[in-house]
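Below is one structure, written out as structure tokens; the observations come after it.
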Amino acid sequence: MSTPTQPDQTAGAPVAFVTGGSRGIGRCGALALARAGYDVVLTARTLREGEGRSGPTTSSGSQESVAVPGSLETTAREVEALGRRALPLRMDLMDQDSIAAACDAALDAWGRVDVLFNNAIYQGPGAMDRLLDLPLDAAQNMLTGNYLHQLVLIKRLVPHLLRHERSYVVNMTSGSATLNPPGPAGAGGWGVAYAASKAAFARVAGVLHAEYRDQGLRAFNVDPGHILTEAQKARGSAKHLSAHFRSAPAEVPGEVIGWLASSPDADAYCGEIVRAQKVCKDLGLVPGWPPPRPNADSAAEVVN
């Protein structure tokens, strides 16, 4: 494995801008980036511990919001404990003004961005609706949060990324964008609105690579595989997916994010889909993961 590339130190410490940094993959990716030498701008809706809520994912009105752990302030303390600076900023993907304000605040505070890690998603009503139950306005909201407003953020920050010899855009995609579900939404599968919004977003990294690779921008799609989220734990809603897909902890894609933004070996994946669980396993990025399967040769394990 090649020696990690040190982030560009010109005009101060390198900066990673992380969306959805209050919990889960966003939190773990932020910590991995801090260990790789980046100061971290953290954005999400949940600023303080105890404020986190996961809203309904269907339009039927049968679900209530549930409390979820995690906050920007907690992740910021963890980043600072690693010896890096943290800047927690409240941002809502559904609000363009909020996105612009977070970008402006980050640039005003630290003057640069070297890595954009697009992890946040909109997963409101409609995300788990079956096709005939799906209101078109819910489908529109999915496209707005998971594709159109992601473009707003990318368009705002890429000109600043291009000021550096090496810069990175890492987009968190989803297997739902490319795989057919093994069952209906809520019974092993997922809703078409969420899958379609992630499929649209999955086209962005390849275009960024084609348009800006000659200016030092490295763009990646990362497919995390099945990750058990705090919202799924709170709702007890992961059992159908877990019957079809092997779960991994959020640290697995998180460590892959840090590797992508620090290792020259990662350049081989530019513009492509990075299968986080396979890369993590092949490189041994998370010690002890995956655990040996009972009565199975560990070399023959399959990571979904």
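The values are calculated or read from the model by the stated rules, or taken from the named source; none is laboratory data. For clarity, every value in this text was computed on a predicted model and none was experimentally measured. Positions of Cβ are backbone-derived with ideal geometry, glycine not excepted, and every protein chain shown enters the neighbour counts. Accessible surface is based on the protein model in full, side chains and every heavy atom, while ligands, DNA and RNA are left aside. Shrake-Rupley method; radii C 1.70, N 1.55, O 1.52, S 1.80 Å.
Some observations on this one:
- The DSSP beta bridges internal to the stretch 1-116 are antiparallel in roughly 15% of cases.
- The relative contact order of the chain comes to 20 percent, based on Cα pairs under 8 Å that sit 6 or more residues apart.
- Accessible surface comparison of 43, 74, probe 1.4 Å, protein chains only, largest first: the order is 74, 43.
- Anisotropy class of the stretch 45-113 from Cα gyration tensor, a/c 1.5 cut: oblate
- To the nearest 10, the accessible area of residue 259 is 20 Å² with a 1.4 Å probe.
- For the stretch 85-182: rounded, prolate or oblate by the Cα gyration tensor [a/c cutoff 1.5]: prolate
- Annotation: the antiparallel percentage among DSSP beta bridges lying fully within the chain is about 5.
- Among the protein heavy atoms, those of residue 173 account for about 10 Å² of accessible surface (1.4 Å probe, every chain in place).
- Spread over its residues, the convex hull of the C-alpha atoms of the stretch 138-191 is 84 Å³ per residue.
- 3J(HN,Hα) along the stretch 133-148, derived from phi through the Karplus expression 6.51 cos²θ - 1.76 cosθ + 1.60 where θ = phi - 60°, amounts to 9, 8, x, 5, 5, 5, 5, 4, 4, 4, 5, 5, x, 9, 9, 4 Hz, with x in place of Gly and Pro.
- Longest exposed-site-free window of the chain, the sites being GluC sites (Glu not before Pro) in a DSSP loop that have at most 11 other C-beta atoms within 10 Å: 166-304
- Residues of type aspartates and glutamates that residue 233 reaches as a straight line, Cα spacing below 15 Å, ignoring anything fewer than 8 places off in the same chain: 64
- Aspartates and glutamates with Cα under 15 Å of residue 281, excluding same-chain neighbours fewer than 8 positions away: 223, 251, 255, 297, 301
- Dipole magnitude of the stretch 1-156, debye to nearest 20 (Cβ charges: Lys/Arg +1, Asp/Glu -1, about Cα centre): 360
- Solvent exposure ordering (accessible area, 1.4 Å, most first) of 25, 121, 99: 121, 25, 99
- Accessible-area composition of the chain, carbon plus sulfur, in percent [1.4 Å probe]: 52
- Accessible area expressed per residue, the chain, with surrounding protein chains retained (probe 1.4 Å, Å²): 45
- Annotation: amide H of residue 87 within the under-5 Å range of 40, 41, 42, sequence separation 5 or more or interchain, hydrogens built in the peptide plane.
- Values of log10 I(q)/I(0) for the chain across q = 0.13 Å⁻¹ run -0.90, by the Debye formula with one identical scatterer at each alpha carbon and no solvent.
- 222 nm mean residue ellipticity, helices alone, for the chain (DSSP H n ≥ 4; -39,500 (n - 2.57); rounded to 500): -10000 deg cm²/dmol
- For the stretch 10-75, the fraction of alpha-carbon pairs lying more than 14 Å apart is 61 percent, rounded to a whole number.
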